[in-house]
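The values are calculated or read from the model by the stated rules, or taken from the named source; none is laboratory data. Because the structure is predicted, anything quoted here is derived from the model rather than measured. Every residue, glycine among them, receives a Cβ derived from its backbone with ideal geometry; neighbour counts consider all protein chains shown.
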């Protein structure tokens, strides 16, 4: 099983400024938009059953999530963003204008952001095609019923 963690201890070396030092990459802009679309189910980790947590999340990812939760000023909460077999743990800071940070990702597929964009475009096209075919089927069925009864 693929497991990728994003912790970077180099970030903890002060470089000046008042920003808190968080050793995980921030998700923002297009990257945040793509991940939110690709992983639409967002569940706070506290809402997961313990058995689900232990049985479905690999040990390396659990360790990384626990490390992220050890320092209370890093994240207000940790969420699992998921779909099928490609979930990601995300640290969240703030309420009204939250900031998101990649903690760990695991699953069956090691997809790059570009591959995810292509997959989302394909899924959108398939959804549109399904609507078009459904509309044609409905129209033909309705016309057939109307013509047979009249």
(request) Would you check if residue 116 is free of Cβ contacts under 8 Å to residues at least 24 places away in the same chain, touching a helix residue (DSSP H, G or I) at 6+ places or on another chain (Cβ under 9 Å) and assigned to a helix (DSSP H, G or I)? (result) no
(request) Give me a count of the residues in segment 115-150 that are more than 30 Å from residue 37 (Cα to Cα) and surrounded by 10 or more Cβ atoms within 10 Å (Cβ to Cβ). (result) 7
(message) Consider segment 70-93. How many of its residues are touching a strand residue (DSSP E or B) at 6+ places or on another chain (Cβ under 7 Å), at pLDDT below 90 and over 23 Å from residue 123 (Cβ atoms)?
(response) 1
